[in-house]
Amino acid sequence: MSVIPKIEEFAAELTAIRHDFHAHPELGFEETRTAGIVAEKLRAYGVDEVHEGIGGTGVVALIKGEGGGNRRVGLRADMDALPIEEASGVPYASQNPGRMHACGHDGHTTMLLGAARYLAETRDFDGTVVLIFQPAEEGLGGARRMIAEGLFEKFPCDEIYGMHNDPNAEPGIVTVAPGPAMAGASFFDITVKGTGSHAAMPHQSKDPIVIGTALVQQLQSVVSRNAPPTKPVVISVTTFHAGAAYNVVPDTATISGTIRYFHDEVAEMAHQRIKDLCAGLSQAYGVEITADLRNVFDVLMNDPELSTAYVDAAKEVVGADMAFETSDQMTGSEDFADMLKVVPGAYCRVGHAGSIGLHNPAFVLDDAILPVGASIYARIVENRLKRGA
């Protein structure tokens, strides 16, 4: 592994920064402390411009290369935490109850800060680097808000790159999936409004629990009987809330979950079938069922040519046999997809020694990944904005 020596020199500082972020996690659009530290660090590193408040709590900074040039490469990291009570046991665990960096965004932010410091000190490239520290990736639409507020009009990019840690991969492995790499996602909320009764006289009710459980079962038929086997879709019901007492049949049940997909037409079909099933059960049971379905993440599409360029840059850091393109798609979602709809680019995954999966209260990010990610960010800039090219 050939981490950039200058970045390796301040690896301990990156670890300290990451531990501080980890101990003070903030949810989407609440990353005030995090964004303030990011802006402070960037100014201390000597970047050319720092812009705060983009997309609420987002930060954008510019670094101009010594060689001049008009091309611009964007680098993006996410900053938000999750509403999870931490159970990792690390000495720098979350001090904010019910909030945790269980997806490693503290690490992503730190990696980009590491790349920023290196690039501001060396400036061995032509053109400009656009550093994007994005809020609210975890389903709250941070990327869309930044774009809606003129991110790429104010800070145009010719290409853009992002990355994510991967505790399920061998440490140091870097993968990029050209084309559709991560699933799009819709979230849904369904409300069944029935009629409550005494639990001893359920015949006087229109039981929303019975109706809701029937609906949950029927939702699985969308996957098994409506979706083409060659075009995968995943429908997961993740919450079901009803009732508050042993002896009361409630009036209402609420159901929520997600739809994951790689083809827009499959998503449209799933949306329509869920609405149809709700309408059918509403008529069959004589109750009101409402369904709110909304797109939250688009399919993440990696540009094939830039995917290869990203892998080539990663090989210079982790070794030729440790970075490669893959055909494996992930059914998880990532709102960097919205940026890739506007600017061509690529998104990689970097393996580390953590053994607990993402979004788990016991998740621990391996600090050894910090200089690796920072070096990959720096290398893709130097390769794509090569001096005199």
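Quick look at the numbers
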read-out	value
The chain, helix-only ellipticity at 222 nm - DSSP H runs n ≥ 4, -39,500 (n - 2.57), divided by all residues, nearest 500	-10500 deg cm²/dmol
The chain - charge dipole about Cα centre, Lys and Arg +1 at Cβ, Asp and Glu -1, debye rounded to 20	580
Prolate/oblate/rounded label for the range 1-147 (Cα gyration tensor, a/c 1.5)	oblate
Relative packing of peptides 36-44, 258-266, 288-296 - highest average C-beta neighbours within 10 Å first	258-266, 36-44, 288-296
Among ALA337, ALA245, ALA267, residue whose mean-square fluctuation peaks in a GNM of the chain (springs only between Cα atoms under 10 Å)	ALA245
Sulfur and carbon atoms: percent of accessible area, the chain [1.4 Å]	50
The range 194-203 - phi-based ³J(HN,Hα) in whole Hz, Karplus 6.51/-1.76/1.60, Gly and Pro as x	x, 10, x, 6, 5, 5, 7, 10, x, 5
Choice from ASP298, ASP78, ASP20 with maximal GNM fluctuation in the chain (Cα, 10 Å cutoff)	ASP20
Under 5 Å, built H, 5+ apart or other chain: amide partners of ASP166	VAL350, GLY351, HIS352
Dimensionless Rg ratio for the range 107-180, taking C-alpha atoms and the 2.2 N^0.38 Å reference	1.29
Fluctuation leader among ASN70, ASN247, ASN302 - the chain, Gaussian network, Cα springs under 10 angstrom	ASN247
Given charges at beta-carbon only (K, R positive; D, E negative), |dipole| of the range 42-146 in Debye	280
28 Å Cα-Cα threshold exceeded, pairs from LYS154/LYS386; LYS193/LYS341; LYS206/LYS231; LYS154/LYS275; LYS41/LYS386; LYS64/LYS315	LYS193/LYS341; LYS206/LYS231; LYS154/LYS275
With all protein chains modelled, accessible area of LEU358 [1.4 Å, Å²]	60
Hz values of 3J(HN,Hα) by residue in the range 331-345 - Karplus curve (6.51, -1.76, 1.60), Gly and Pro given as x	7, x, 10, 7, 7, 4, 4, 5, 5, 5, 6, 9, 10, x, x
Amide H partners (placed H, <5 Å) of GLU86, local residues excluded	GLY98, ARG99
For the range 272-283, 3J(HN,Hα) per residue [Karplus equation, 6.51 cos²θ - 1.76 cosθ + 1.60, θ = phi - 60°, Hz, x = Gly/Pro]	5, 5, 5, 4, 5, 5, 5, 5, x, 5, 4, 5
Base-10 log of normalised Debye intensity for the range 152-259 (one unit scatterer per alpha-carbon) at q = 0.11, 0.21 Å⁻¹	-0.62, -1.11
Solvent-accessible area per residue for the chain (1.4 angstrom probe, square angstrom)	40
Alpha-carbon Debye profile of the chain, log10 I(q)/I(0) at 0.08 Å⁻¹	-0.46
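The values are calculated or read from the model by the stated rules, or taken from the named source; none is laboratory data. Given the structure is predicted, the values throughout are model-derived calculations rather than measurements. Please note: Cβ atoms are built from the backbone with ideal geometry, for glycine as well, and neighbour counts cover all protein chains shown. Keep in mind that these areas ignore ligands, DNA and RNA; they rest on the heavy atoms of the full protein, side chains included. Shrake-Rupley method; radii C 1.70, N 1.55, O 1.52, S 1.80 Å.
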